[in-house]
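Reviewing the structure listed below.
The values are calculated or read from the model by the stated rules, or taken from the named source; none is laboratory data. Keep in mind that what you see is a predicted model, and the values were worked out from it rather than measured. Heads up, the Cβs are rebuilt from the backbone with ideal geometry, glycines too, and the neighbour counts pull from every protein chain shown.
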Amino acid sequence: MKHRTLLTPLLLLAAALAMTPPLSGQSQGQTEGEQGTTFRTTTNFVRTHVIVRDRQGRFVPDLKVDEFRVYEDGILQNITLFTPWIGGRALGNLATTASAAAAPVEEGLILPSVRPRQDESGRLFIVFIDDLHLQPSDTPRVKDLLKRVRDTLIHDNDLVGFVSTGTSSISIDPSYDYGHRRFNEAIERVMGSAPSPDEFIEAALIESAQGPQQVRFNAHVAFRTAYELLEQLANIQDRRKAFVYISNGYHFNPFAESRLQRIKDFYSILDADLTQEEITRDPNQTQDHLQTSAFHQRTAFSTADLINQVAELTRAAQRANVAFYTIDPRGLQVPSVDASTRAQISYGDMRDFITTQVSTLRVLADETGGFAGVESNDFDGILRRIDSEMSDFYEVGYISSNPDPTKLRRFIKIELTRPGLQEPIYKSEYTLPRPSRNAPSSGN
């Protein structure tokens, strides 16, 4: 399904907002002087959002820049951007320590001037409704969750956009939503469309060489939709950006034991024509053995494939500095098999299915600086925590002094000198874009 992207509105929004130095981990481009001389820099401006809490879990709002120590690959960095955000409002750049003020000017480094901020609100939400991985029977739960998001999380000064992955066909550009008109429109259109467990079992007889076709297709659509949005969000600075990612999660080899049994049952009639002597002489010729072997061969790499695709999506979110807050609208679950599937799906299969789905949501959240609202019915508490993390934080930035300019993947470590605080929450790594083969090595 082809989705209308949010590219144009997001780029217009990026142009309208105040732009400080470039996105974390991205090299600045070339600047031509009046005589046609090209200046090229390999220096990168890096920014990250840091959440600091005390031992009681309360946000600490009065930290100073000299209480932060930022390291990149073990090298202490000079903080040049330090903006506390309290209640979703920026208090301005407070990086005024002597070290920051006396920071040497990099030869050949040309930084853009900082324009006055035109919009003081600092939050942008994409409500990502993965209806390809939401059961139709869970649609009322999803709508109720979205109403809670509307009433608890979204404020009048927030930008909010909506996109779905499947039959709901929702694509609403980020904008202010006074009166919740656009939010209500999205809620009315939501409809889950994930295959049921019975459909997975019945489709076992027509699986592709990689297993269930619908599973991989649906996951590809969901991940590609999210990936394209993240590429656009990378152009927006000076805002706290987040995906409210509503999904049941992912599994590339669902109900494996029950699907295999369905296949074996179907082909068992062919073994009835074999004599016991033939089976004893060559057990490998039975349909039971042949189908079991073929099944395991085509599903052997399903877990690795899923891990790779989730990792690719988390890397895109890290590059765009976007936090994923994943929410499973099913809430707290006890693995069980309802009456419609009891004859076909084992308890072990159902438990594995739910556990794997939830695990993918945890990884997406944990690796992008958010958290997973899974295995809990306290949706109001989950949303209040998201609201707090999106409203109260420190924006910290520095010009990288990494001694190895060719290193693409770089690790950040932040330490606090004030005692009695929890470990800070922040983006712990970033990846530089690979240089173009056609890019000149020097400019003259």
Within segment 120-164, which residues are part of a strand (DSSP E or B) and within 18 Å of the chain's Cα centre (by Cα)? ARG123, LEU124, PHE125, ILE126, VAL127, PHE128, ILE129, VAL160, GLY161, PHE162, VAL163, SER164
Within segment 365-393, can you find the residues that are outside any helix (DSSP H, G or I), farther than 30 Å from ILE79 by Cβ and of a type outside the set (A, V, I, L, M, F, W, C)? GLY373, GLU375, SER376, ASN377, ASP378
What number of residues in segment 165-192 are in contact (Cβ under 8 Å) with a residue 40 or more places away in the chain, surrounded by 19 or more Cβ atoms within 10 Å (Cβ to Cβ) and part of a loop (DSSP other than H, G, I, E, B)? 5
Please verify whether ILE201 is crowded, with 17+ Cβ neighbours inside 10 Å, at pLDDT below 90 and either assigned to a strand (DSSP E or B) or not acidic (Asp, Glu) (or both), treating the condition exactly as stated. yes
Count, please, the residues in segment 395-444 that happen to be at pLDDT 90 or above and exposed (fewer than 10 other Cβ atoms within 10 Å of the Cβ). 2
Would you confirm whether or not segment 345-356 contains a residue that is free of Cβ contacts under 8 Å to residues at least 24 places away in the same chain and among the polar types (S, T, N, Q)? yes
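Residue by residue, here is whether (1) exposed (fewer than 15 other Cβ atoms within 10 Å of the Cβ); (2) within 27 Å of GLY88 (Cβ to Cβ) holds:
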site: ALA194; (1), (2): no, no
site: LEU205; (1), (2): yes, no
site: PHE217; (1), (2): yes, no
site: ALA226; (1), (2): no, yes
site: ASN235; (1), (2): no, yes
site: ARG239; (1), (2): no, yes
site: GLY249; (1), (2): no, no
site: PHE252; (1), (2): no, no
site: LYS264; (1), (2): no, no
Could you list all residues from segment 394-413 that are aliphatic (A, V, I, L, M), over 14 Å from LYS64 (Cα atoms) and either in a strand (DSSP E or B) or touching a His at 6+ places or on another chain (Cβ under 9 Å) (or both)? ILE399, ILE412
From the option list GLY88, GLY29, GLY25, GLY74, single residue qualifying as surrounded by fewer than 15 Cβ atoms within 10 Å (Cβ to Cβ) and modelled with pLDDT under 90 is GLY29
